[in-house]
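See below for the structure under consideration.
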Amino acid sequence: MSEAEIIAIKDTNEFYRRFLWHCCKQINACQGILFKLRNDILLPVAGYALPTTELPNITIKIGDGFTGQVAADNKPMLIDSVPAGYLEITSGLGKKTPSVLYIHPFSLNEKISAVIELAGFDFNQETLTFFNSINNDLLKRLNE
């Protein structure tokens, strides 16, 4: 699905889901979650390959944990040594702790609207430049 097709999705929840799916596919992430900022709290709005079909019932304050800190700083964070037991990526064949975690803020005019958290086995700076090339219209839609 192209970025133009994702922008055209009318249902907000489906837009969030497809946006996250698009980001995960672009950098080969194995799991991901998208948070929207509402009243200075980050709330999960979409998940990709999470261990359950339900979104986790969590809220993150700006500045709390890695995700909250990324929102506070408006700067991405690449963690290339994920601690054992922090998270497990599962499939029908097994499970493994990801080796890399990437957290990226989305903002328009320096105002944070969302944060994406992605887990995988091989992200690098070149792969992650994808986030700097996201279509401005897609960012505007995410900021709605």
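Over the stretch 1-74, what is the relative contact order in whole percent, taking alpha-carbon pairs under 8 Å and six or more residues apart?
Details: 89 pairs, mean separation 15.0, N = 74.
Once divided by the residue count of the stretch 1-74, the mean separation gives 20 percent.
Per-residue HN-Hα couplings for the stretch 85-97, Karplus 6.51 cos²θ - 1.76 cosθ + 1.60 at θ = phi - 60°, whole Hz, x for Gly and Pro?
Once θ is set to phi - 60°, the couplings for the stretch 85-97 become x, 5, 7, 10, 9, 10, 9, x, 9, x, 8, 7, 6 Hz.
Which number gives the lysine pairs in the chain that have C-alpha atoms under 17 Å apart and are eight or more places apart or on different chains?
So the count of such lysine pairs works out to 9.
Relative to the longest principal Cα axis of the chain, at what angle does helix 12-27 sit, 0 to 90 degrees, rounded to 10?
The helix 12-27 is inclined about 50 degrees to the chain.
Taking amide H positions as placed in the peptide plane 1.01 Å from N, state which residues far from SER99 in sequence (5 or more) or on other chains have amide H under 5 Å from it.
Answer set, sorted by chain and number: GLY120, PHE121.
With runs of 4+ DSSP H residues as the only contributors, calculate the mean residue ellipticity of the chain at 222 nm using -39,500 (n - 2.57) per run, divided by the residue total and rounded to the nearest 500.
Values: 5 runs with 41 residues, N = 144.
Counting only the DSSP helices, I get -7500 deg cm²/dmol.
If amide hydrogens are placed 1.01 Å from N in the peptide plane, which non-local residues have theirs closer than 5 Å to the one on ILE62?
Sorted by chain and number, the residues that satisfy this are LEU42.
In the stretch 59-125, how does Rg compare with the Kirkwood Rh, expressed as the Rg/Rh ratio over alpha carbon atoms? All intermediate terms of the calculation are to be shown ahead of the outcome.
Values: Rg = 13.3 Å, Rh = 12.9 Å.
Value, to two decimals: 1.03.
Where a number appears in this text, it was derived from the coordinates with a stated rule and is not lab data. Because the structure is predicted, anything quoted here is derived from the model rather than measured.
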